[in-house]
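To start, the structure itself, in structure tokens.
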Amino acid sequence: MNSRWNDAEAAQYPGDLGQRVYSSRLLGRDSALVLHGGGNTSVKSREKNIFGEEEDILYVKGSGWDLETIEAAGFSPCRLNHLLKLAKLPELSDLQMANELKGCLTNSAAPMPSVEAILHAILPGKFVDHTHADALIAITNTAGGLNRVQEVFGDRVVFIPYVMPGFKLARLCAELFPQKATGKTIGLVLMNHGLFTFGDTAKVAYERMIELVTLAEAYLAKNKAWELKSPAPASPPRPARLEIAALRKEISAAMGGPAILAVQGTAAGHAFARRPDVATISQQGPATPDHVIRTKRIPMLGRDVAAFRAAYQAYFDACAAQAGRKLVMLDPAPRVLLDADLGLCTMGRTAKEAAIAADIYHHTIDIISRATALGGWQALPALEIFDVEYWDLEQAKLRAAGKAPAFAGEVALVTGAASGIGKACVDSLLKRGAAVVGLDVNPAITKLYSRPDFHGIVCDLTQEASLATAVEEAVRKFGGLDMLILNAGIFPPGAPIADMKSDLWHKVMSVNLDANFLLLRECHPLLKLAPNGGRVVVIGSKNVPAPGPGASAYSASKAAVNQLVRVAALEWGKDRIRLNSLHPNMVFDTALWTPEILASRAKHYGLSVEEYKTNNVLKTEVSSRDVAELAAEMCGPLFAKTTAAQVPVDGGNDRVI
Ligand code: ZN
């Protein structure tokens, strides 16, 4: 592992806190050191309080911040002496500790300090760095792990047996560290957990961390446990969307609401799922206890959700009995799945949760593989893991997480999503917590958003094969389909029927009608598996109730789709799928309305462009966002009892009224 320290760069971060921000970000950039909020850092500083008295302050990473992107505001200023006094108490409950940590802040607006704040306070050195380095965990989580780390680090590091993070761990370190530390000590190893280093400058603490982790990596290499065999590339997957959606439905039931199921499709995930010893090495527990919250204790092997639920219940009952505490069981749904055919899949209540679980498990695969090569992977006992999973603080955090957004865990597919009404629908659905797949013939769709809950696919909807491929890709990405927004359409230049070319007629029919028929047919079995019932919204047109001269192909195609949807509503009601239509008119912020078309239509009615834009009963301009918000609401509880409705979004049109 190489040091990323750069003196010139570091010089741009003045002061104790500036230096703390700089090297924290360096640590955060190495996913083999810290991952998704894992790890934390601190700096001890001296400041004047409101009375003008000098006070020692520990700035420690606040919860909710990631080291990679942390700023000065992400460090919580705690009164150091208060923390040192706490470390001497014989006992402190989780809730008392949380209260004391919040109470010793000098800034009431600062985030909650890390639960490892007391530990940072008792360690020497102005700067303290803490990581959960993969290489260290691979060594500690083996039979004889303690002997191995002693061999690697010798007397430069103090070793502490595993204790759950929190007051007990800080208390134990406060007791053992002064006894064991010598003049050579530069760090602290917490077995099955991570590594601390410290120093009088940010650079020294950081480079000691890199140095120790490099020693761990070299030890793995020396023992032929570093290089992971590059797995053979996964064979092209066969279509599996219905199996995946059915599996997701079962997992959603276990989770107590719609879940995202993301098929990772990585070579490493496939190779691990197909290892002959996967049942032994994957079922012992997570790499470090803090992963249990995001990945559950063990992955589900294969697709038997009922068996996983039963096993989780048994684990909960046994551990809860031993712990002797009254606890409410978290949902018994898996977060990681290893399947010989699908490879590594991850689940979550949101696409982001599933993405985080995937990151963590890819690192877990490396750690387990290396530990196995080193002489045998050995995770912590189930009870230790259970303590973290059912820790008062964690449970309180989960309860405080509050109400999930309306479409959390649900998946929407939007056609014509790169611009206009389609893009506005993507925005409205994302805002409500859905994971969204956008289809568009425009390649810009793949770069519309870079976030875990959006996936863009380039697709020509008139090609039956590419449409089926796109639906398959969407299901592999998020696990199924709950909402379908049929928006893509073309509006050809006006032409009277007498002059209408057959080619143009067929083209309009193929995009506006045939593609929607194909999509409805392909998506029906998936919508049928939607945990909360499937919803379809069709972006129709004012031309359905009130056609215009010169727009025969467009009006006929939209009217045909309208009729198609009415039939689907009759046929699919028994499958808990509801379909509703919107009839927008004069939505000018879309790709259909080029300035030329706008000018020509305005002229056709003898109006200026401005008059034309608000030429409706309410004298108001209708935007893409207005249409999209209504489309999203039609997928929500407000329209739960409505199917086959046709709602105008047109500012009021006297021909429709
Ligand atoms: Zn830690």
Residue among PHE308, PHE316 that is modelled with pLDDT under 95, hydrophobic (A, V, I, L, M, F, W, C) and crowded, with 17+ Cβ neighbours inside 10 Å
PHE316
Is at least one residue of region 156-179 in contact with a strand residue (DSSP E or B) (Cβ under 7 Å, 6 or more places away or on another chain), surrounded by fewer than 19 Cβ atoms within 10 Å (Cβ to Cβ) and within 20 Å of TYR59 (Cβ to Cβ)?
no
Selection status of HIS270, at pLDDT 90 or above and open to solvent by 10 Å² or more (accessible area, probe 1.4 Å)
yes
Yes or no: region 150-161 includes at least one residue that is within 18 Å of HIS291 (Cα to Cα), within 15 Å of the ligand (Cβ to nearest atom) and in the same structural domain as LEU26 (by TED's automatic domain parsing).
no
Out of all the residues in region 133-148, which are within 16 Å of the ligand (Cβ to nearest atom) and out of contact with any Leu (no Cβ under 7 Å at 6 or more places or on another chain)?
ASP134, ILE137, THR140, ASN141
Show the residue pairs that are 6+ apart or on different chains and have beta-carbon atoms under 8 Å apart, the first residue being within region 348-370 and farther than 18 Å from ASP331 by Cβ, the second being open to solvent by 40 Å² or more (accessible area, probe 1.4 Å) and among the β-branched types (Val, Ile, Thr).
HIS362/THR266
Those residues of region 199-215 which are crowded, with 23+ Cβ neighbours inside 10 Å and within 16 Å of the ligand (Cβ to nearest atom) amount to ALA205, MET209, LEU212
For region 16-29, pairs from a residue that is aromatic (Phe, Trp, Tyr) to a residue that is open to solvent by less than 10 Å² (accessible area, probe 1.4 Å) and assigned to a helix (DSSP H, G or I), with Cβ under 7 Å and 6 or more apart or across chains, are TYR22/ALA10; TYR22/ALA202
Just checking, which of SER3, SER23, SER42 is within 16 Å of the ligand (Cβ to nearest atom) and either in the same structural domain as ASP359 (by TED's automatic domain parsing) or hydroxyl-bearing (Ser, Thr, Tyr) (or both)?
SER42
Looking only at residues in region 180-198 that are among the polar types (S, T, N, Q) and open to solvent by 10 Å² or more (accessible area, probe 1.4 Å), which one is nearest to the ligand (Cβ to nearest atom)?
ASN192
Among the residues of region 601-623, how many are surrounded by fewer than 13 Cβ atoms within 10 Å (Cβ to Cβ) and either part of a helix (DSSP H, G or I) or in contact with a strand residue (DSSP E or B) (Cβ under 6 Å, 6 or more places away or on another chain) (or both)?
3
Would you call SER24 open to solvent by 50 Å² or more (accessible area, probe 1.4 Å), of a type in the set (Ser, Thr, Tyr) and over 27 Å from GLN179 (Cβ atoms)?
no
With respect to the numbered conditions (1) among the hydrophobic types (A, V, I, L, M, F, W, C); (2) open to solvent by 20 Å² or more (accessible area, probe 1.4 Å); (3) modelled with pLDDT of 95 or more, which one is the sole condition not fulfilled by ALA406?
(3)
Pull out all pairs, ordered by first then second residue, where Cβ-Cβ is under 6 Å, the residues are six or more apart or on different chains, the first lies in region 112-135 and is assigned to a strand (DSSP E or B), and the second is among the aliphatic types (A, V, I, L, M) and away from the ligand (no atom under 15 Å from the Cβ).
PRO113/LEU101; PHE127/VAL43; PHE127/ALA202; PHE127/ALA205; ASP129/ALA205
Taking the condition away from the ligand (no atom under 15 Å from the Cβ), within 25 Å of ASP387 (Cα to Cα) and under 33 Å from the mean Cα position of the chain (by Cα), does PRO111 pass?
yes
Per the filter on region 559-582, residues in contact (Cβ under 8 Å) with a residue 60 or more places away in the chain, open to solvent by 20 Å² or more (accessible area, probe 1.4 Å) and not in a strand (DSSP E or B) are ARG566, LEU570, GLY573
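The values are calculated or read from the model by the stated rules, or taken from the named source; none is laboratory data. Predicted, not measured: the structure shown is a model, and the values here were computed from it. Ideal geometry is used to build each Cβ from the backbone, glycine not excepted, and the neighbour counts take in all protein chains shown. Surface areas here come from the heavy atoms of the whole protein model, side chains and all, with no ligands, DNA or RNA. Shrake-Rupley method; radii C 1.70, N 1.55, O 1.52, S 1.80 Å.
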